[in-house]
Amino acid sequence: MNHSLIGQHPCMTRLRDTLARYASLSLPILLLGESGCGKEIAARDYLHAQSIRQDAPWLAINCASLSPELLESTLFGHKKGAFTGAHQDHDGYFTQAANGTLFLDEVGDLPLALQVKLLRVLENGEYHRLGDTTPRYTKARIIAATNRDLRAMILAGQFREDLYHRLNVLSIRIPPLSARGNDRWLLLEHFPSEQAETQLRTYLAHRPGASPLHFALGNQLAEQGRWHEAHLAYTQALRGDSNNPDYRYNLAVSLDRLHQSQLARHHYRLAQQHRQSRPAFFSSQTLQQRLNELDHD
């Protein structure tokens, strides 16, 4: 049921028509648009759900939400013993997706080293798990999304031009809310975001074991009106393990992206401390380099 991309504005009608035409294709698609405009909804509820892959797996990952090391393991998998803490073989998303769809959100934040690996997948479907020399192959359809200007990133040396052309075989721009005219009122009626977030904040404030760190971040995002991101932060508050170094590191990265340098520095240092007693996916060198940068800002 595709009720999520609601709206009667002509730009939304054209968008739904385009998504319906592209759904039957197996080519990669790049979705462009502002944060919160509905890129994942378009990918999941239209391009995947209306395709011949609709009964196959749907997997989504936010490339900006994980450290490079954890992101690589999550996407490609790893073999037992590939790194400290890899106690068993793990199949990544490219394996789990099988003949389904893999959605790469915020693909502009994909590290350059992983861009090379993704390029190879798009070229011939081949990839390797961490620590494994045996090639694997995927038939999953790749749908990527970004709110960044990838062409500008190419000129700045931050994004590979060959990968851009592989991802941009077909592209769809999702209209921003500002271009949808009176549809914004329909959205407000359909998604009473502020009310929902207020209820969730009250619930978490009285829930034992909720992570106070993600809760605090959610409050900050909510106060800025960034309800979608606040919801993600509050959801993570239910799962948080404050002594987990990867949890601390990813929280620090989130704060860093919000330009909360002092808080980010604090949690980077805590991640560094917790890594001494527990295994972690992130690179100590990467963490230390970012700490040095923050200390000199």
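Readers should treat all values here as calculations from the given coordinates under stated rules, not as data from a laboratory. Values in this document were obtained by computation on a predicted structure and should not be read as measured data. Cβ placement follows ideal geometry from the backbone for every residue including glycine, while neighbour counts extend to all protein chains displayed.
Just a few scattered comments:
- Charge dipole (Cα centre; +1 on Lys/Arg Cβ, -1 on Asp/Glu Cβ; no other charges) of the stretch 10-179 amounts to roughly 360 debye.
- Partners for LYS79 among aspartates and glutamates (Cα-Cα distance below 20 Å; same-chain residues under 8 apart left out): GLU69, ASP89, ASP91, GLU126, ASP132, ASP246
- Think of the stretch 10-179 as a dipole: +1 on every Lys or Arg Cβ, -1 on every Asp or Glu Cβ, centred on the Cα centre; then among LEU47, ASN147, PHE76, LEU47 lies furthest on the positive end.
- Computed from the Kirkwood radius of its Cα pairs, the Stokes-Einstein diffusion coefficient for the stretch 10-179 at 37 °C and 0.692 mPa s stands at 199 µm²/s.
- Packing-based ranking of 99-111, 23-35 yields 99-111, 23-35, ordered from highest to lowest mean Cβ neighbour count within 10 Å.
- The residues THR133, THR146, THR84, THR286, when put in order of fewest to most other Cβ atoms within 10 Å, stand as THR133, THR84, THR286, THR146.
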